[in-house]
Amino acid sequence: MPDMSVKICGISFKNPVIAASGTFGFGMEYSEFYPISRLGGISCKGTTLVERMGNPTPRIVETSCGILNSVGLQNPGVGRFLSSYLPRLKKQDIVVIANIAGNSVEDYCEMAERLKDSQVDMIELNISCPNVKQGGVNFGVLPESVAEVTAQVKKRSDKPLMVKLTPNVTSIGDIAKAAEGAGADALSLINTLTGMRIDIKSRRPVLRNNTGGLSGRAIFPVALRMVREVYKCVKIPVVGMGGISSWEDAAEMMIAGANAVQVGTANFHDPFACVKIIEGLGSYTDSLGLKSITELTGTLSEW
Amino acid sequence: MRYTQELGKILNKTEIAKGTFDVTLHSPEIANIAVAGQFVNILCDGFTLRRPISLCGFDSKKGILRIVFEIRGKGTEWLSRLQVGDNMDIIGPLGHGFSLIDSSKKAVIVGGGVGTPPLLPVAQFYRENATVITGFRNASAAILQGDFEKAGAKTILCTDDGSAGIHGFTTQALEQYLNENECDIIYTCGPKVMMRSVARLAENHGITCQVSMEERMGCGVGACLCCVCPTKDGKGKHLTRVCVNGPVFSSTEVDWDA
């Protein structure tokens with residue numbers, strides 16, 4: 001069996017499969033199916049400084065090969081995350097990534113400080129939530145603001161910092177370089193693509209928020225292209241996500257340049273998706289005769 | 001591990017009303033631990049999201065589940081095309097079900113349309129102490145009346161067009177029933193407007209009422225926070241997950257005015 005462990009900005013993951021933020025809560029729900037310690041890591045539900053109720057329903061609708069969601073960052077706030085959810089999660093042998101979102105640079109910095117002495121292993125800076133007017137997406141679309149928020153949080157935090165990028169931009173490479181230049185330790189991408197569905201009977205949007213974030217199989221090729229583009233632009237590690245539903249998808253993502261992957265929407269379809277991807281990646285790495293899965297990253301030969 | 005994934009072989013399938021299917025599955029692990037009011041999440045080939053379908057019956061000895069569902073869209077249409085012998089990929093049992101208190105108490109059960117199936121196990125618990133008021137569009141859409149009678153319950157059927165039973169709504173029949181009879185507890189599942197009226201009547205009569213809520217669902221296990229329902233308690237207003245904290249709530253917990 002090949003070595004499945006990967007290291008991202010100094011943090012060791014036992015395998016490169018991380019449950020994606022917003023699809024896996026704080027890990028407790030899926031631990032009713034299997035021990036979540038089988039995963040490399042978990043990126044927790046996007047957390048804000050104070051509790052958020054989120055958007056009115058309907059918050060989810062099926063699309064061709066995917067879903068749109070408009071949850072709107074419903075979360076208990078960083079205080080309850082630290083006091084109630086994190087201790088339970090830390091009992092598992094799993095890398096814990098806190099995904100933080102805010103309305104202002106100051107919000108992000110305050111959250112980073114609150115997490116300073118916590119048992120969180122890594123911070124994922126969510127500057128790409130499409131469902132909240134000020135859920136960070138405004139920070140995510142301009143290189144200048146990405147650099148500003150990244151630099152400020154980096155100054156106030158002692159945790160490895162991974163910046164999560166939105167695909168709803170003109171040039172993701174420029175955004176990635178801005179984050180790297182401002183001190184990001186890693187990048188994760190892509191968040192959801194903004195989309196819409198309409199009920200043709202009522203002629204109203206299906207989602208109460210009108211628009212939502214598209215995820216699932218439909219976005220995989222877009223995600224793969226963007227991960228490739230970013231991989232070529234930066235030197236820091238890249239965590240690839242967006243529509244990964246099988247070990248083959250995960251393998252493609254790593255060949256494109258990802259050091260690890262996040263799996264989200266696939267869990268809704270198959271609660272054992274992450275576990276199956278880990279197993280499949282192991283056999284594939286073995287079949288290639290590689291000693292370590294890290295040898296797979298960025299091995300694409302472009303035409 | 002509270003949840004199981006099972007491939008349930010279809011043992012029986014009947015179209016009991018136009019577009020409404022009654023299916024029994026061999027699913028021993030889920031059947032062994034299911035309670036009234038819970039649901040399963042069923043994989044539909046070619047769709048991302050599973051379809052949540054409430055349990056109309058479960059028999060732990062025989063290892064059998066019964067589901068009754070209506071074609072609502074393309075996912076349930078795909079499900080309806082499965083045949084006896086095919087497998088359904090299901091996860092369950094999911095959700096917080098009905099609390100069944102004491103079978104000697106007088107229970108009134110109010111079902112609207114395809115919200116009726118999860119109420120059958122409740123009627124089977126209260127038997128002759130149950131009165132089941134159900135409402136449908138018309139006579140041909142009426143389902144499960146024989147099952148409720150077989151359970152020993154008294155049935156009051158209502159239809160919108162008067163083609164069977166009482167010409168009118170379940171809530172009118174419920175109001176009349178409560179004015180003339182004793183009732184200790186009310187259970188309801190159906191359209192939200194109906195349940196809201198049932199909840200009001202229950203409150204006016206000082207009777208405990210349990211409601212089974214519906215919302216567009218994602219994961220079905222509480223992780224994604226898509227299927228929330230407005231609720232209230234002493235601490236204020238909340239958006240609470242239908243898939244794990246529900247689908248069954250106390251009627252006074254639901255914030256009907258939100």
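Laboratory data are not the source of any read-out in this text; all were calculated from the coordinates shown. Since the structure is predicted, the reported quantities are computational estimates derived from the model, not experimental observations. Cβ placement follows ideal geometry from the backbone for every residue including glycine, while neighbour counts extend to all protein chains displayed.
Quick look at the values:
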item: Cα lying deepest toward the dipole's positive end in region A:21-163, options A:65, A:83, A:122, charges on Cβ; result: A:83
item: Candidates B:226, B:158, B:209, ranked by Gaussian network fluctuation over chain B, Cα under 10 Å, top entry; result: B:226
item: Of A:164/A:232; B:105/B:237; B:9/B:62; A:14/A:159; A:90/A:235, those spanning more than 23 Å from alpha-carbon to alpha-carbon; result: B:105/B:237; A:90/A:235
item: Kirkwood Rh and Cα Rg combined as Rg over Rh, evaluated for region A:192-233; result: 1.20
item: Computed FRET value (nearest 0.05) for residue A:283 with residue B:127, which takes r as the C-beta separation and R₀ as 51 Å; result: 0.40
item: Overall Cα dimensions of region B:107-212 - principal axes, largest extent first, Å; result: 35, 26, 25
item: When region B:199-258 is reduced to its Cα atoms, the Kirkwood hydrodynamic radius in Å; result: 11.9 Å
item: Gained length - residue A:155 relative to residue A:7, 0.36 nm times residue gap less alpha-carbon distance; result: 51.0 nm
item: Reach of residue A:7 by Cα under 15 Å, taken over aspartates and glutamates that are not fewer than 8 positions away in the same chain; result: A:121, A:185, A:295
item: Amide H partners (placed H, <5 Å) of residue A:265, local residues excluded; result: A:216, A:243
item: Hz values of 3J(HN,Hα) by residue in region A:174-191 - Karplus curve (6.51, -1.76, 1.60), Gly and Pro given as x; result: 5, 5, 4, 5, 4, 5, 4, x, 8, x, 4, 8, 7, 10, 10, 6, 10, 6
item: Positive-pole candidate from B:143, B:174, B:208, dipole of region B:135-244, charges at beta carbon; result: B:208
item: Region B:89-196, dipole about Cα centre (Lys/Arg Cβ +1, Asp/Glu Cβ -1), debye to the nearest 20; result: 120 debye
item: Given charges at beta-carbon only (K, R positive; D, E negative), |dipole| of the protein assembly as shown in Debye; result: 340 debye
item: Relative contact order %, chain B, counting alpha carbon pairs below 8 Å whose residues are six or more apart; result: 16 percent
item: Added length on full extension, which subtracts the Cα-Cα distance from 0.36 nm per residue, residue A:117 to residue A:203; result: 25.9 nm
item: Cβ-defined net charge surrounding residue A:229, 13 Å radius [Lys, Arg +1; Asp, Glu -1]; result: +2
item: Cα-based equivalent ellipsoid, region B:4-94: semi-axes from gyration tensor eigenvalues, Å; result: 19, 14, 12
item: Mean projection area, nm², convex hull over Cα of chain A; result: 15.0 nm²
item: Within region B:151-173: backbone nitrogen closer than 20 Å to the residue B:139 label point (7 Å, Cα to C-beta); result: B:155-170
item: R0 of 35 Å, Cβ-Cβ distance residue B:89-residue A:84: FRET efficiency to nearest 0.05; result: 0.55
item: Cα-based convex hull, the protein assembly as shown, per residue volume (Å³, whole number); result: 156 Å³
item: Lysines whose Cα lies under 20 Å from that of residue B:106, excluding same-chain neighbours fewer than 8 positions away; result: B:150, B:154
item: Span per principal axis, largest first, for the Cα atoms of chain B (Å); result: 48, 45, 34
item: Local electrostatic count, residue A:149, Cβ distance below 12 Å [Lys/Arg +1, Asp/Glu -1]; result: 0
item: Cα-projected label distance for residue B:235 with residue B:1, points at 7 Å along beta-carbon direction, nm; result: 3.2 nm
item: Calculated FRET efficiency for the pair residue B:13/residue B:256, C-beta based, R₀ 25 Å, to 0.05; result: 0.10
item: Over region A:177-263: Kirkwood hydrodynamic radius from C-alpha pairwise inverse distances, Å; result: 14.1 Å
item: DSSP bridge pairs, region B:4-94: antiparallel proportion in percent, nearest 5; result: 100 percent
item: Inter-probe distance in nm under a simple model that places probes 7 Å from Cα toward Cβ, at residue B:184 and residue A:170; result: 7.1 nm
item: Whichever aspartates and glutamates have a C-alpha closer than 14 Å to that of residue A:116, once near sequence neighbours (fewer than 8 apart) are set aside; result: A:124, A:158
item: Check: region A:191-264 dipole with +1 on Lys, Arg Cβ and -1 on Asp, Glu Cβ, in debye; result: 440 debye
